[in-house]
Amino acid sequence: MAYVAARGGEAAIQYAEQLHQALNGPLTAERVQLIAQLLPYLVDRVMGEGSLYAPELAALALAQTGGDLYEAVLLLRAYRSTQPRLAYAEPVAQDQIYTVRRISAAFKAIPGGQILGPTLDYSHRLLRLDLLDGAGAAGRVQPVTGSDQRVADTEHAAAADPAQATALDPSLPAVADWQRAMGLLEPLPDTPPPDPATLPDLTREPLSFPAPRAHRLQSLARADTGGTLALGYASMRGYGLVHPTVNELRLGYADVVLRHPITGASFSAGRVRVSQCEVVDTQVSSLRLGYTATLGWNEVKVIAGAMLDLEMDAPTPHPAHREEFVLYHTEAVEASGFCIHYKLPHYVTFQSGLDALRGVRDQGGEVPGDR
Amino acid sequence: MSLADLAHPRYDYSYGFLDEHARRELRRRILKAIAIPGYQVPYASRELPIARGWGTGGLQATLSVAGPHDTIKVIDQGADDSVNAANLRRFIARMTGVATTTDTTLATIIQSRHRVPEERLRERQLLVLQVPDPEPLRHVQPDSSKAREMHAEADYAQMWLSLYEQLVRFGRFVQGASYPVVVHGRYLMSPSPIPRWDTPTLHQAAHLTILAAGREKRLYAVPPYTEVRPIEFDDVFFQVERMAGRVCAVSGARHKFMDELPVAGGGSLFRISDTGYLEKLVRAARGEPVTIGPTYYDAVGRFYQPGVLHEPDAVPPEGGTGHD
């Protein structure tokens, strides 16, 4: 019972923290830089779930927690909640993203081309044990072979060449634009996009249901990757109503375009890594889209999230078909926080339950809990 | 002059950690909660540097109302010195500069997880209860949108049914902590997982109680001198935990909420759960000058407001057979 009843709880906290730090090694600026450079996908995941694009701070959070993802996300969120909202960026259109990877499973070739980009999708998942034996030249990429049909079929086949893997093309149209032009999808409204400052903001207002579209997409954008995958997979594997197709999966860099408060001129405050996925479902008479985007490159999350978006309003009684169920239970900080709260002492509540149980026993009744 | 000279240092936080917008929003929501006793007010609930589900709701309420002249007491399961209470206390003190105490009578704000102190709270004292699950209807209606409708319509039939089912199956009410109450004759409310022993302390209380759930983003309140009634039947009554026969191994006191400490080889020792109160009892026994406030339950276990609690004997013997 030392952790609850011991005197000097504050000293215990300090020693526990010191021990954690001692086991994880010294926390230095160099370490933080190394994490930011060497583990970009991990940094992306923390930024996405932390809903704060700050690679240096995300790397710091990872260093500080020894790589405990949920702790790192919490650190970033807690920091984020102290920061004022200074400005609203302009909406990012799909064809303005500096795209490094863009694939569609719906069509063999698409306007602008399939771009495989940086991915391990078609690499052999073999541990590079030779590296441990002292071989140099980490990360040699196999040359492109003729069997890579998806890429070879497109005009952008060259993009699979690692030398050009980061080629930035800001003029790739969205697949959905072609579908709209062909009358397969509802056209976009003629009205200009709403002023971002008027959008409901999940970080400033509580989520309630049915959630505004903006809240749903914001919630998915910072949802827990694992949780999104688990619910999305349940829907994909056997409980879903539809079998959607990946209309477009896109990774790239987006300009954060701000308007100068005095001159009104637009300018880019910097570029952020973004990923987005659009899935499409063929219904009898029309197509329906599901969508998720997030900060950082995280393909699993945006695919699973887009599937969930499509099915969250389904009338069937599966949990993944309820918006409330999906959005509440994929909240990384809340889910992980509540999970670990069970480590806190509960002896008062337990005693209260014991009292009820003993009361029933004393009168010879059925013991609660047998329900 | 460089840009770094003009920028705020990175380690700079607002007073009370929350930024001004968050603080104003919380204070407005708290006012609304006070105006509609027992009604769950949604609020944005900022992330804090404490794990979600570890008291972040209570912490936001405390941080949004605390000022430099406040004195704060933080308890977890009755204890001031548990690591969690110590951690929250040092965070609040670090961010607001408030004085801290373990003495209930000296505190202006008491933030608590799952206990109400044994000494009676007074007017102008604030009790902030941390709430894991604000929704008393959760086990009959897990969908919070539907539960909100039930509250709006004061449709609590399923709760009465579940109470009746307990009686039929087990011969008594089997709810442990978090025993649901009706506030001001209107809203069904979870008093947070305080033991039933503490539930009647909210009724016609001199102090203000704010209950805040950070993870679930709801806060609610019981203003001073408000009716707070546990749900019960006209002929089968709400009962607090039996403390009769339990003697505190440290102070010899009786009729206070006791922690049960298992003893190797079988049997249990008991110790008063409210450590601030226990400490004062011990110091008084040593002859030190201490001021011990009046308690909710007296030395023979009577609650300070007559007529609120019914003696266990008042349960009709045929009140529930519970064997079928």
>> Whether any residue in segment A:280-297 is open to solvent by 60 Å² or more (accessible area, probe 1.4 Å) and farther than 26 Å from A:Leu188 by Cα is what I want to check.
In response: no
> Between residues in segment A:185-211 that are farther than 26 Å from B:Ala213 by Cβ and residues that are at pLDDT below 85 and among the polar types (S, T, N, Q), which pairs lie under 8 Å by C-beta distance while being six or more apart or on different chains?
Replying inline: A:Leu185/A:Ser286; A:Glu186/A:Ser286
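Considering each of B:Ala212, B:Ala177 in turn, give the residue that is within 14 Å of chain A (Cβ to nearest Cβ), not in a loop (DSSP other than H, G, I, E, B) and not charged (D, E, K, R).
On the way: B:Ala177 fails: not in a loop (DSSP other than H, G, I, E, B).
Exactly one of B:Ala212, B:Ala177 is within 14 Å of chain A (Cβ to nearest Cβ), not in a loop (DSSP other than H, G, I, E, B) and not charged (D, E, K, R), namely B:Ala212.
Across segment A:35-78, what is the number of residues that are among the hydrophobic types (A, V, I, L, M, F, W, C) and more than 14 Å from every other protein chain (Cβ to nearest Cβ)?
Taking segment A:35-78 and keeping what is among the hydrophobic types (A, V, I, L, M, F, W, C), we get A:35-36, A:38-39, A:42-43, A:46-47, A:52, A:54, A:57-63, A:69, A:72-76, A:78.
Now narrow it down to the ones that are more than 14 Å from every other protein chain (Cβ to nearest Cβ): A:35-36, A:38-39, A:42-43, A:47, A:58-59, A:62-63.
Total satisfying the criteria: 11.
Quick one: in segment B:52-99, of everything that is hydroxyl-bearing (Ser, Thr, Tyr) and more than 8 Å from every other protein chain (Cβ to nearest Cβ), which residue is farthest from the chain's Cα centre (by Cα)? Spell out how you get there, then give the answer.
Let us first name the residues in segment B:52-99 that are hydroxyl-bearing (Ser, Thr, Tyr), namely B:56, B:62, B:64, B:71, B:82, B:96.
With more than 8 Å from every other protein chain (Cβ to nearest Cβ) added as a condition, the list becomes B:62, B:64, B:71, B:96.
Values: B:Thr62: 14, B:Ser64: 18, B:Thr71: 18, B:Thr96: 22 Å.
Here the residue is B:Thr96.
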> Do you know which of the residues in segment B:27-55 that are in contact with a strand residue (DSSP E or B) (Cβ under 8 Å, 6 or more places away or on another chain) and part of a helix (DSSP H, G or I) is surrounded by the fewest Cβ atoms within 10 Å (Cβ to Cβ)?
Replying inline: B:Lys32
>> Among (1) at pLDDT below 95; (2) surrounded by 13 or more Cβ atoms within 10 Å (Cβ to Cβ), there is one condition B:Ile72 misses while meeting the rest; what is its number?
In response: (1)
> Is there a residue being open to solvent by less than 50 Å² (accessible area, probe 1.4 Å), closer than 24 Å to A:Pro317 by Cα and among the polar types (S, T, N, Q) anywhere in segment A:201-221?
Replying inline: yes
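With respect to A:Ser235, determine if the residue is assigned by TED's automatic domain parsing to the domain that holds A:Met307, farther than 30 Å from A:Tyr88 by Cβ, open to solvent by less than 50 Å² (accessible area, probe 1.4 Å) and not aromatic (Phe, Trp, Tyr).
On the way: assigned by TED's automatic domain parsing to the domain that holds A:Met307: yes; farther than 30 Å from A:Tyr88 by Cβ: yes; open to solvent by less than 50 Å² (accessible area, probe 1.4 Å): yes; not aromatic (Phe, Trp, Tyr): yes.
Spelling it out, A:Ser235 is indeed assigned by TED's automatic domain parsing to the domain that holds A:Met307, farther than 30 Å from A:Tyr88 by Cβ, open to solvent by less than 50 Å² (accessible area, probe 1.4 Å) and not aromatic (Phe, Trp, Tyr).
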> Do any helices (runs of 4 or more DSSP H) entirely within segment A:255-371 hold 1 or more residues that are more than 14 Å from every other protein chain (Cβ to nearest Cβ) and in contact with a strand residue (DSSP E or B) (Cβ under 8 Å, 6 or more places away or on another chain), and if so, which?
Replying inline: A:299-311
> So which helices (runs of 4 or more DSSP H) are wholly in segment A:17-99 and hold at least 3 residues that are crowded, with 16+ Cβ neighbours inside 10 Å and either touching a residue at least 40 places away in the same chain (Cβ under 8 Å) or not aliphatic (A, V, I, L, M) (or both)?
Replying inline: A:40-50, A:55-65, A:69-80
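The values are calculated or read from the model by the stated rules, or taken from the named source; none is laboratory data. Only a predicted model underlies this, so the values are computations on that prediction, with no experimental measurement involved. For neighbour counting, all protein chains shown are included, and Cβ atoms are generated from backbone atoms with ideal geometry for every residue, glycine included. Heads up: the accessible areas ignore ligands, DNA and RNA and are worked out on the full protein's heavy atoms, side chains in. Shrake-Rupley method; radii C 1.70, N 1.55, O 1.52, S 1.80 Å.
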